[in-house]
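See structure below.
The values are calculated or read from the model by the stated rules, or taken from the named source; none is laboratory data. Remember, predicted model here, so these are calculated numbers, not experimental data. Heads up, the Cβs are rebuilt from the backbone with ideal geometry, glycines too, and the neighbour counts pull from every protein chain shown.
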Amino acid sequence: MTRHTAYYVKSGRMETALVHRPIAWLVRRGITLNGKSELAVRGRTSGEWRTVPVNPLPLGGHRYLVAPRGTTQWVRNLRAAGGGELRVGRRAEPFTAVEITDEEKPAVLHAYLDRWGREVGRFFDGVGAGSPPEELRRIAPRHPVFRIAPVPA
């Protein structure tokens, strides 16, 4: 069973202004950097679309969204909505999302850190793609992971 933890690393103003906003601006114009997309999910109380840049991870015939910062607002909204959209430029791909268990996470976290560890490694307590499996299991409860699937047309 997945435990919902209170772990959360808030993004600072400078990071938002210098990193997140420029990446989101590029993705909205169809320029994706290393597979980035913009996650759009309905707010759990407002019902309005909320967006954030994410790194969808293809692995074993599935795609995953990993929350390096922990239980963020997008995680809470996705849990409530059960799905959203991945956007790149004018293309929007609706999807459903299922949160995976802590037992399923180590392989996904390993692949995620292997691909984006330089970018997000600081949120994983020194655990990286080369860390032993027990370390990946230790941090698994702190990082929500969702398996996403396209909504059939």
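Listing for the model above:
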{"read-out": "Residue tally, condition in contact with a helix residue (DSSP H, G or I) (Cβ under 8 Å, 6 or more places away or on another chain) and surrounded by fewer than 15 Cβ atoms within 10 Å (Cβ to Cβ), over region 108-127", "value": "1"}
{"read-out": "Region 124-153: number of residues that are assigned to a helix (DSSP H, G or I), of a type in the set (A, V, I, L, M, F, W, C) and more than 25 Å from Gly82 (Cα to Cα)", "value": "1"}
{"read-out": "Counted residues, region 72-90 - those being among the small types (Gly, Ala, Ser) and either surrounded by 21 or more Cβ atoms within 10 Å (Cβ to Cβ) or in a strand (DSSP E or B) (or both)", "value": "2"}
{"read-out": "Residues satisfying the stated conditions in region 91-109, i.e. assigned to a strand (DSSP E or B) and farther than 12 Å from Ile148 by Cβ", "value": "Arg91, Ala92"}
{"read-out": "Of all residues making up region 108-137, the number that are more than 15 Å from the chain's Cα centre (by Cα), aliphatic (A, V, I, L, M) and at pLDDT 95 or above", "value": "2"}
{"read-out": "Failed item in (1) within 25 Å of Asp125 (Cα to Cα); (2) without any contact (Cβ under 8 Å) to a residue 40 or more places away in the chain; (3) of a type outside the set (Lys, Arg), with Asn55 passing the rest", "value": "(2)"}
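For every residue, the table says whether it meets (1) at negative phi; (2) at pLDDT below 80; (3) part of a loop (DSSP other than H, G, I, E, B); (4) not hydroxyl-bearing (Ser, Thr, Tyr).
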residue	(1), (2), (3), (4)
His4	yes, yes, yes, yes
Ser11	yes, yes, yes, no
Met14	yes, yes, no, yes
Leu18	yes, yes, no, yes
Trp25	yes, no, no, yes
Thr32	yes, no, yes, no
Glu38	yes, no, no, yes
Gly47	no, no, yes, yes
Val52	yes, no, no, yes
